[in-house]
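Trainee: Submitted below is the structure of interest, expressed as structure tokens.
The values are calculated or read from the model by the stated rules, or taken from the named source; none is laboratory data. Computed from a prediction, not measured in an experiment: that's the story for all the values here. Quick reminder, even Gly has a Cβ in these numbers, built from the backbone with ideal geometry, and neighbours come from all protein chains shown. Protein only, heavy atoms only, side chains kept; ligands, DNA and RNA dropped before computing areas. Shrake-Rupley method; radii C 1.70, N 1.55, O 1.52, S 1.80 Å.
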Amino acid sequence: MPSWTSSILLAAATTLFIGLVVNPRLEARKPRIEAKNNQKRLAWEARAEFSKRVLTILSACGRLRETPVPPALSEARPELAARLDAERQRWLDQLDEATQYLIDNMELFALGYATDRLRTIVGQFVVHARAVVLSDRTVAKKAERLAALASPIQNLFFISRRHVTTIGRSFEQFERAVAALDEDLPDEPSTAPVPAPTTPQTTS
């Protein structure tokens, strides 16, 4: 058989093998590959949103802490003080939106982390941050507590894993920030509770 005939037959056999065996297997794997890629894309997008909200909290807290409205300004220039108050309210609204998103969508980004410890920390951060926003703390105290919670979260989840010392220190900082929330709780009442009034007895 001439060599060119052998080459043609080999090429035909190769094409037939690819068409009958390889391509069907690739087509069967295609949905699984696409599903896996979609899961990775959704996980990446969820973590990007998580990072965005953490940065929003840090930025808004920084602005609130750096721009208090002193009483003297309210007396001397009430219009300017009113504008600053409105701007501070806008930053408070940013904190409200960011923490609301986090607690409403926590499962999208928290469950993607590999260890129970990281997932627990995400849950603690989200719940405590939202609780601080909803609390009756002063604006200054809210900004202080939220910044203390969010700063170690930024280091734990969004910096390079090579910064081992910073990450280790951030675990401790987050635990202290959570513990410090108890300092804002009202003191226990020192007096005994007043008994409920009794129903007056009637005499016949």
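Trainee: Specify the residue that is nearest to Glu144 (Cα to Cα); the eligible residues are those in segment 56-74 that are in contact (Cβ under 8 Å) with a residue 60 or more places away in the chain and open to solvent by 80 Å² or more (accessible area, probe 1.4 Å).
Mentor: Arg65
Trainee: Still on this structure, I have one more. Considering (1) surrounded by 13 or more Cβ atoms within 10 Å (Cβ to Cβ); (2) more than 27 Å from the chain's Cα centre (by Cα), say which one Arg77 fails and leave the rest.
Mentor: Of everything listed in (1) surrounded by 13 or more Cβ atoms within 10 Å (Cβ to Cβ); (2) more than 27 Å from the chain's Cα centre (by Cα), Arg77 misses just condition (1).
Trainee: Inside segment 117-145, can you point out the residues that are charged (D, E, K, R) and open to solvent by 30 Å² or more (accessible area, probe 1.4 Å)? First the steps, then the outcome.
Mentor: First pass over segment 117-145, keeping only residues charged (D, E, K, R): 117, 119, 130, 136-137, 141-142, 144-145.
Once the filter is applied, which keeps residues that are charged (D, E, K, R) and open to solvent by 30 Å² or more (accessible area, probe 1.4 Å), segment 117-145 yields Arg117, Arg119, Arg130, Asp136, Arg137, Lys141, Lys142, Glu144.
Trainee: Kindly indicate whether any position in segment 74-84 is under 27 Å from Ala48 (Cα atoms) and aliphatic (A, V, I, L, M).
Mentor: no
Trainee: What about Thr99, is it among the hydroxyl-bearing types (Ser, Thr, Tyr), modelled with pLDDT of 95 or more and either closer than 29 Å to Arg130 by Cβ or in contact with a Leu (Cβ under 6 Å, 6 or more places away or on another chain) (or both)? Don't jump to the end; show me each part of the working.
Mentor: Values: among the hydroxyl-bearing types (Ser, Thr, Tyr): yes; modelled with pLDDT of 95 or more: yes; either closer than 29 Å to Arg130 by Cβ or in contact with a Leu (Cβ under 6 Å, 6 or more places away or on another chain) (or both): yes.
So Thr99 fits the description; yes.
Trainee: In addition: Can you pull out the residues in segment 98-116 that are open to solvent by 60 Å² or more (accessible area, probe 1.4 Å), part of a helix (DSSP H, G or I) and either free of Cβ contacts under 8 Å to residues at least 24 places away in the same chain or aromatic (Phe, Trp, Tyr) (or both)? Spell out the reasoning first.
Mentor: First, the residues of segment 98-116 that are open to solvent by 60 Å² or more (accessible area, probe 1.4 Å): 100, 103-104, 107-108, 111, 114-116.
Adding the requirement that they be part of a helix (DSSP H, G or I) leaves 100, 103-104, 107-108, 116.
Asp104, Glu107, Asp116, listed by residue number.
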